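**Q** Take this structure, written in structure tokens, and hold onto it; I'll ask about it next.
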Amino acid sequence: MDKFFIDDEYIKKLLEVRAADDEIDRILDKAESFEGLNHREVAALINTDDEKHWKRIFSIAGKIKEHIYGERIVLFAPLYISDYCVNKCRYCGFKCDNKFNRKKLTMDEIRSEVKILEAMGHKRLAVEAGEDPVNCPIDYVLECIRTIYDMKLGNGEIRRVNVNIAATTVENYKKLKDIGIGTYILFQETYNKEAYEKYHIAGPKRDYYYHTTAFDRAMEGGIDDVGGGVLFGLYDYKYEILGLMLHNEHLEEKFGVGFHTISVPRICSADGVDRSFEYAVSDDDFKKLVALIRIAVPFTGMIISTRETMEMRKELIKTGISQISGGSSVEVGGYTAREEGGSQFRLKDDRSADDIIYWLMEEGLVPSFCTACYRKGRTGDRFMSLAKSGNIKNVCLPNALLTLKEYALDYGNERFANKADELIKSKIPFIKNDKVRETVKENLVRLENGERDLFF
């Protein structure tokens, strides 16, 4: 086996280096030109204590967010299909020795959950499950995805299913690719091997190398959109950021494309788990790590969940976050019956999807339910080349406005519809391409006349 791309000793040495002011200025100049940063440059920024540097880092992160993503925020919802799990992970409510009545959804129960999610206006789901090859085999996951795609409720439909399941084989990733998933998501939890083995006491997930190389197998299986992340709080967040950067560079070098998305969950309370974490990340450090990741990988989407408060999500949207969940349940069957028991963790933003969408509009942001890139084949290196050229803007804002109009027509009351129309009208002039702008105007009328799913 070639030298492993996560080198513990190398990362720790990087964290000892202190860069001179002129070197930090050079790195920030590079970041400000939307070029992204390598892991050594990120390490130099991580270690600075100078407030003037951090002020500039936050400023650049904001500029990148505005320049590349504009005011769009993509919305999705998780769908937990099974809480059976054979792993014993200290931080997780699904761990195998946690005693509660476990459940996996039948196809009729899947339909009930999806019916509710479609009625909420969601078009994009993230299927989530514990690891249990007997109770939750790959064939069951595939059947769930087929059922989701087959569900239609009036104008409602799930247009893209992303998947967050345990590390698996190339053969199984091929099956997920063939069924038409969007992004394959897997959190590393922690890149530090010693900490990883401390928190993963037993079960197949304890195999650090198998877990860490999952994206290699996914890409070998044909999945070119993968989403990484760590659970911040299990180990030093500075180490974890460098782990993410090294992992991203490894994928770019080997497969030509790195992470499509990076998620930034923080450790939080869950039933039946230890609640003392020595590396818990403060709010100030959390804001710093989001800004650092944003300037390091400017074209990678960043995701934050309902683990964070409304106030924190609002702040982080300004400096990096491009996707959020809304109206979420983290229990199996939780949309059908939001009841206590068996949840992985507790939510801090428990507002309804409608409330979150309206809140985003009040903030001047454009809630987006767009899934066009997946269905147009703009994935992997094709997506990244379009993003880096700046041409992605010709489709993202238009598609966001059209999906918002769809939502307003199908699910919004008069107050919501008026707010959406006002926002859409204010954003149309920002579409720079004359032909695209005029087509958007035409498509808005077509939506009002009953057509649906119009996209670029």
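The rows are residues; the columns are (1) modelled with pLDDT of 95 or more; (2) in a strand (DSSP E or B); (3) within 30 Å of GLY121 (Cα to Cα); (4) of a type in the set (A, V, I, L, M).
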residue	(1), (2), (3), (4)
PHE5	yes, no, no, no
ARG40	yes, no, no, no
ASP49	no, no, no, no
ALA61	yes, no, no, yes
HIS67	no, no, yes, no
ILE73	yes, yes, yes, yes
TYR80	yes, yes, yes, no
VAL86	yes, no, no, yes
GLY93	no, no, yes, no
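**Q** Residues GLU189, GLU143: which one is in contact with a His (Cβ under 9 Å, 6 or more places away or on another chain), farther than 15 Å from VAL226 by Cα and acidic (Asp, Glu)?
**A** GLU189
**Q** Additional query: I need every pair where a residue in segment 426-449 that is under 19 Å from GLU71 (Cβ atoms) has its Cβ under 8 Å from the Cβ of a residue that is of a type in the set (Phe, Trp, Tyr), sequence separation at least 6 or different chains.
**A** Taking only residues 6 or more apart or on different chains, the pairs are VAL436/PHE456.
**Q** If you go through segment 133-156, how many residues are among the aliphatic types (A, V, I, L, M), under 20 Å from GLU118 (Cβ atoms) and surrounded by fewer than 19 Cβ atoms within 10 Å (Cβ to Cβ)?
**A** Going through segment 133-156 one residue at a time, the tally reaches 2.
**Q** Here is a further query. Among the residues of segment 99-143, how many are under 29 Å from LYS405 (Cα atoms) and either among the aromatic types (Phe, Trp, Tyr) or touching a helix residue (DSSP H, G or I) at 6+ places or on another chain (Cβ under 6 Å) (or both)?
**A** 4
**Q** Could you check segment 16-38 and list, in sequence order, the residues that are within 26 Å of the chain's Cα centre (by Cα) and either in a helix (DSSP H, G or I) or surrounded by 19 or more Cβ atoms within 10 Å (Cβ to Cβ) (or both)?
**A** LEU28, LYS30, ALA31, GLU32, GLY36, LEU37
**Q** Pairs under 7 Å by beta carbon, first residue polar (S, T, N, Q) in segment 183-196, partner surrounded by fewer than 21 Cβ atoms within 10 Å (Cβ to Cβ) and in a loop (DSSP other than H, G, I, E, B), six or more apart or different chains?
**A** none
**Q** So, restricting to helices (runs of 4 or more DSSP H) that lie completely within segment 367-443, which ones have at least 1 residues that are at pLDDT 95 or above?
**A** The helices (runs of 4 or more DSSP H) meeting that bar are 393-411, 414-427.
**Q** While we're here: Within segment 195-203, does at least one residue satisfy the condition of being part of a strand (DSSP E or B) and loosely packed, with under 15 Cβ neighbours inside 10 Å?
**A** Within segment 195-203 (the criterion being part of a strand (DSSP E or B) and loosely packed, with under 15 Cβ neighbours inside 10 Å), the answer is yes, since at least one residue qualifies.
**Q** Scan ASP132, ASP97, ASP139 and give me the residue that is assigned to a loop (DSSP other than H, G, I, E, B) and free of Cβ contacts under 8 Å to residues at least 40 places away in the same chain.
**A** Of the residues listed, the single one that is assigned to a loop (DSSP other than H, G, I, E, B) and free of Cβ contacts under 8 Å to residues at least 40 places away in the same chain is ASP97.
**Q** For ILE223, indicate whether it is surrounded by 15 or more Cβ atoms within 10 Å (Cβ to Cβ), in a helix (DSSP H, G or I) and either modelled with pLDDT under 95 or touching a Leu at 6+ places or on another chain (Cβ under 8 Å) (or both).
**A** So ILE223 fails the test.
**Q** Please specify each residue of segment 274-317 satisfying the condition of being out of contact with any Phe, Trp or Tyr (no Cβ under 6 Å at 6 or more places or on another chain) and either among the β-branched types (Val, Ile, Thr) or not assigned by TED's automatic domain parsing to the domain that holds LEU246 (or both).
**A** VAL290, ILE293, ILE295, VAL297, ILE303, ILE304, THR306, THR309, ILE317
**Q** Give all pairs with beta carbons closer than 8 Å in which a residue from segment 29-52 that is under 16 Å from GLU240 (Cα atoms) meets a residue that is among the charged types (D, E, K, R) and in a loop (DSSP other than H, G, I, E, B); count only pairs at least 6 apart in sequence or on separate chains.
**A** These pairs meet every condition: ASN47/ARG18.
The values are calculated or read from the model by the stated rules, or taken from the named source; none is laboratory data. These numbers were taken from a predicted model, which means no experiment stands behind them. Glycine gets a Cβ as well: all are built from the backbone with ideal geometry, and neighbour counts include every protein chain shown.
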